[in-house]
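Engineer: First the structure, which I've put down as structure tokens, then a few questions once you've had a look.
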Amino acid sequence: MTSRLLHAVAVPSDSQTESGSRQQNRVAKQGVLKTDVPSAESVSAQPGQVSIDGRLAGRFADIHAAMIDELLASSIPVIPYAGKDEQDSVDGYYAPETTSQNPPDPRQGRFQQFDGVLTPKGTRRSHWRAVRTNPQTVDNPFGAAPSPEIGLTTAANKVRWYDDVSGAIETPTVQRTVTGEHGRLNIYDASEPSFDSPALIYDLSLREEFKTDCALWDDYNRNKVYRAESDSDTVGSATVGSATVNDADTLVESQWQRVYLTDHEWQGNIVLESDRLRLVIDQPKDDLRAYRYNADEGQYNLVQLGASDWRLFDVDITSIGLATIEAQLEFEGLTSGATHNLNLSLIRGLEDAVWSVPSNEDSTPQGLIDRLDPIAATTDTVAVPEQDVVKRTEVDR
């Protein structure tokens, strides 16, 4: 099994860490699912930085390398990096810096190599994990309830509201607990604390973080789950996620690519997920379909959008975070030919999307409101959550 994760992206196991700028890297090799070509990774520490590089081989090597490449080139400020037991000195929180992706042979997608640089931001012992809520008032044509909600996995411990201006701390109230595709989440209301722009601070296993995070996928026009036969009850790296063994089968959780860059070149359909709401935008037609996760059935079920002749015309992904994904969608009235833009905020753990009117747009046509109402939140105060870390010494009394 892969023993090291960079957020949601698996890296080859048994990586070694070196300190100093001129030490020789140790290289670890391992077998990759359904191939006899090993992968290798070396990890070396420069002064104030950690570099990762390695080679990938196998059926999904190109997707795996692209995910690493995009994650390290993303604008996400802080990501976790951890081994299986989270006991290595390199385990902690990092800011992605640079990366390069150089396949040894551009004609062979099954063989890839990668390298990147991470800047340390702290560890679980030095920092609290935090989600800054950044509540903002928006023009929501679907309602005006002042409830900027956010979701956080129930695996998080010692959760508190924190104001990094005054240093105030308050105990949060769980509004409700819900079940998403990858776990249970507590829903919090960012308008609850007595101070503005509160942050939730908490402790959470580095390897638990990604499970209920928002996700943006390129589905490559294929099913999410890949199943391969195996003649063994153990599996090496699955290259695109964790693997489990079921009798004679190996189930690889995803053969979709997790997307971290807004200018990603789409190979398949665009899939946005809050862990409870899934929006699928068919490419290149830009047809919009919506699904809501049913915990009792353990699956996403189609949500019937409202009866209207308004349809999606174009989409622009504007921001990709761990706790929220933002986009601007342009819709067209098929009868009138009119167009209208709406901003979309998909927030972790929520079953509805927050829609808002851009500052330079006219009021939303009733037909478009009817179309999107089944998947629209009714709040005009929206959280714009961003994952971060806060020094424990700043919270100490």
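Engineer: Could you give the distance between the Cα centres of the stretch 174-193 and the stretch 68-92, to the whole Å?
Structural biologist: Using only Cα atoms to place each centre, the spacing works out to 25 Å.
Engineer: For a quick check: sort Tyr162, Tyr260 by the number of other beta carbons within 10 angstrom, fewest at the front.
Structural biologist: Taking fewest neighbouring Cβ atoms as first place, the list is Tyr162, Tyr260.
Engineer: Can you put Ile52, Ile317 in order, fewest other beta carbons within 10 Å first?
Structural biologist: Ranked by crowding around the Cβ, least crowded first: Ile317, Ile52.
Engineer: Moving on to the next point. Can you compute the modelled spin-label distance between Thr137 and Arg110, with each label point 7 Å from Cα toward Cβ, in nm?
Structural biologist: Distance between label points: 6.0 nm.
Engineer: Let me ask something else. So if R0 is 30 Å, what FRET efficiency would Asp370 and Asn223 give, r being the distance between their Cβ atoms, rounded to the nearest 0.05?
Structural biologist: 0.40
Engineer: So, counting K/R as plus one and D/E as minus one, what does the shell of residues with Cβ under 12 Å around Ala323 add up to?
Structural biologist: That sum, taken over residues with Cβ under 12 Å, equals -4.
Engineer: Using the basic label-point model (7 angstrom from Cα toward the beta carbon), what is the Ser75 to Thr177 distance in nanometres?
Structural biologist: 3.6 nm
Engineer: Separate question: Where does each of 148-160, 275-287 land if you order them by average Cβ count within 10 Å, highest first?
Structural biologist: Sorting 148-160, 275-287 by mean packing, highest first, produces 148-160, 275-287.
Engineer: Given a Förster radius of 35 Å and the C-beta distance between Asp263 and Ser89 as r, what FRET efficiency does 1/(1 + (r/R0)^6) yield to the nearest 0.05?
Structural biologist: 0.50
Engineer: Let me ask something else about it. Put a dot 7 Å past each Cα toward the Cβ at Asp296 and Ser363; how far apart are the dots in nm?
Structural biologist: Computed distance between label sites Ser363 and Asp296 equals 4.0 nm.
Engineer: By how many nm would the segment from Asp163 to Arg397 grow when fully extended, if each residue of separation counts as 0.36 nm and the alpha-carbon distance is taken off?
Structural biologist: 82.9 nm
Engineer: Another question, if that's okay. If amide H atoms are built 1.01 Å from N in the plane of the peptide, which residues on other chains or at least 5 residues away come under 5 Å of the amide H of Arg184?
Structural biologist: Amide H to amide H, under 5 Å and 5 or more residues apart or across chains, Arg184 pairs with Thr154.
Engineer: Calculate the FRET efficiency for Thr318 and Thr378 from the Cβ-Cβ distance with a Förster distance of 25 Å, rounded to the nearest 0.05.
Structural biologist: That gives a FRET efficiency of 0.65.
Engineer: Another question, if that's okay. With θ set to phi - 60° and the Karplus curve 6.51 cos²θ - 1.76 cosθ + 1.60, what are the ³J(HN,Hα) couplings of the stretch 359-367 in order, to the nearest whole Hz, using x for Gly and Pro?
Structural biologist: 4, 9, 9, 6, 4, 6, x, 4, x
Read-outs throughout are calculated quantities, based only on the coordinates presented, and are distinct from any laboratory measurement. Remember, predicted model here, so these are calculated numbers, not experimental data. A quick note on method: Cβ atoms are made from the backbone with ideal geometry, for glycine too, and the neighbour counts reach across all protein chains shown.
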